[in-house]
1. Filter the stretch B:35-71 down to the residues that are of a type in the set (Ser, Thr, Tyr) and open to solvent by 10 Å² or more (accessible area, probe 1.4 Å), then identify the one that is nearest to the other protein chains (Cβ to nearest Cβ).
2. Considering only residues that are more than 7 Å from chain A (Cβ to nearest Cβ) and assigned to a strand (DSSP E or B), look in the stretch B:109-126 and name the one that is surrounded by the most Cβ atoms within 10 Å (Cβ to Cβ).
3. Here is a list: B:GLY137, B:GLY100, B:GLY149. Which entry is within 12 Å of chain A (Cβ to nearest Cβ), of a type in the set (Gly, Ala, Ser), at negative phi and out of contact with any Leu (no Cβ under 7 Å at 6 or more places or on another chain)?
4. What are the residue pairs meeting all of these: first residue in the stretch A:172-185, first residue acidic (Asp, Glu), second residue open to solvent by less than 40 Å² (accessible area, probe 1.4 Å), Cβ atoms under 7 Å, and 6 or more apart or on different chains?
5. Taking strands (runs of 3 or more DSSP E) that do not extend beyond the stretch A:115-230, which have at least 2 residues that are out of contact with any Gly (no Cβ under 9 Å at 6 or more places or on another chain)?
6. What strands (runs of 3 or more DSSP E) lie completely within the stretch A:11-105 and have 1 or more residues being farther than 22 Å from A:PRO201 by Cβ?
7. Would you be able to tell me the number of residues in the stretch A:1-10 that are in a loop (DSSP other than H, G, I, E, B) and closer than 12 Å to A:SER122 by Cβ?
8. Within 24 Å of the chain's Cα centre (by Cα) and not hydrophobic (A, V, I, L, M, F, W, C): is that true of B:GLN216 in this structure?
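The values are calculated or read from the model by the stated rules, or taken from the named source; none is laboratory data. For clarity, every value in this text was computed on a predicted model and none was experimentally measured. When we count neighbours, we look across all protein chains shown, and the Cβ atoms used for this are built from the backbone with ideal geometry, even at glycine. What goes into the accessible areas is simple: the full protein's heavy atoms, side chains included, and nothing from ligands, DNA or RNA. Shrake-Rupley method; radii C 1.70, N 1.55, O 1.52, S 1.80 Å.
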Amino acid sequence: MKIAVFVKHVPDVAEADLEVAADGRTVKGGELPFEMNEWDRFALEEAVLVKDSLGGELTSFLIGDEAAEESLRRCLAVGADRAVRVWDDGLAGANPFALTAAMRGAIGEDEYDLILCGAQSSDDGYGLGGPLLAEALGVPSVALVNKMKVEGGKVLVTRELEGGWGEEVEVDLPALVTIQTGINEPRYVSILGIKKARKKPIDLMDAVSVGITAERLATEKEKLSLVGIETPAVGEGAEILEGSPEEVAAKCLALLKEAGGVL
Amino acid sequence: MSVWVVAEHRNGAMREVTYELLSHGAALGLGPVTALVFSGPGDGSALAASLDGKAPRTLIVEDSSLLGFNGTAQAAALATLISQSTEPPKVILGAHSAAGMDWAPTLAGKLACPAVTDVVALAAEGASLAATRVVYGGKLNSKVKLGEGPSVIATIRPGSLEEEPSLTPMTTTIETANADIPAELGKRFVAWVEELAGAVDISQADILVSVGRGIQDKENIDVAEALAEALGATLSCSRPVVDINWLPKER
């Protein structure tokens, strides 16, 4: 079984107050910690579980600069046999179409039975990369999977739908599956484990070795371009109620009644 | 120019988001809206009937591979219909839903066309579209521009219409089309699974009381639940709360 997993190194913004940089297009990122995209942690764990139960080889891929290697070390620490990092300055801030072209190029002529990706990333949240890559490879894909079992040349999955519904789908291998959070419990990775993984090699590829020309990159970038980012307008009249819980509740009640009463 | 809206339905029922999409589609001002209903054999007419009077044209595509939901089959059908049409749609609109996250990027790959997902506001701009999205976990808004196409794809976050969908009553022409879906797609719908009986659909609630990581303790959810009850609201939560099993996934 040849398995591939794609991971992305993203800023951890859960606890951060974000500010837009002077260019109006990027986040002031100097202070932000970076980590593996949350969905990808589940995809990596699922890849390791499949490898552990069926045997085979797991290759981890990442499109990112040198600082992003930390996420690949994590892959190696939990059981990836190989790690490949693709980078080119032209990929900085690239849209999902350009990133997918790099992902496709990184796979090259190798044939994988199962490719896993996170269903989306916590930064842009497009959720485009996985299915786009599947189309580029000519294999079927299935998105938002929260249960899966590989058996007899197929993968039987449950997709998570809205309103408490799920959907069972059967997909023939080779296939690409995008993983929803909560599908498993990503294992704890010790600092020691990551340190040990530092000794393992990471293969580096650039735009030339993944076969993307500047022209191709420009075509892909043209499909979706960022105009700017901004802080959402603060809701009118946002007000923090202070006091003991009882006082806050009383003030809250008064305000709701005044506003037209849902009670 | 024209706009195609991919109707979303489940288990024989049209989903509310379809009406929102028709409303978004009409507001773009990029030509008449066609609603597309993809379904298993014999199921299309009943679904199309629920769209009667809400779009000038409804196109039904039935195929055994479209039974239930199959994003790969739906994307293949759309790609064929687009390549066959004398005037391809300028915009293909869908929902940013579990279904939309499956078929829309697949179609973008097949057509090698511009696409944007999880849009909260969409407008025609120049020869293409400008979209507003919510990024970094809702902390920032981004504005993006799509390339020109000929066709572009956009999926819209359910519930992002400012108002209730308002559609001028109109006469709907219902047509059927054959999309020559390949027999072997390598992906088969097996079954709907109702994971939680009597589950709520939070996307349809008027008021939500929502909890996130800040709730700190499972016991504290009772407080939010009591508030929701007092307000006649629905309790919801962010993903991390589900992942540690404090609230069910439907929330």
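1. Among residues in the stretch B:35-71 that are of a type in the set (Ser, Thr, Tyr) and open to solvent by 10 Å² or more (accessible area, probe 1.4 Å), the one nearest to the other protein chains (Cβ to nearest Cβ) is B:SER65.
2. Ranking the candidates gives B:LEU122 first.
3. Every option except B:GLY100 fails the conditions.
4. Between residues of the stretch A:172-185 that are acidic (Asp, Glu) and residues that are open to solvent by less than 40 Å² (accessible area, probe 1.4 Å), the close pairs are A:ASP172/A:PRO140; A:ASP172/B:GLY186.
5. Once the strands (runs of 3 or more DSSP E) in the stretch A:115-230 are filtered for at least 2 residues that are out of contact with any Gly (no Cβ under 9 Å at 6 or more places or on another chain), what remains is A:141-151, A:154-160, A:165-172, A:203-205.
6. A:34-36
7. 1
8. It is false that B:GLN216 is within 24 Å of the chain's Cα centre (by Cα) and not hydrophobic (A, V, I, L, M, F, W, C).
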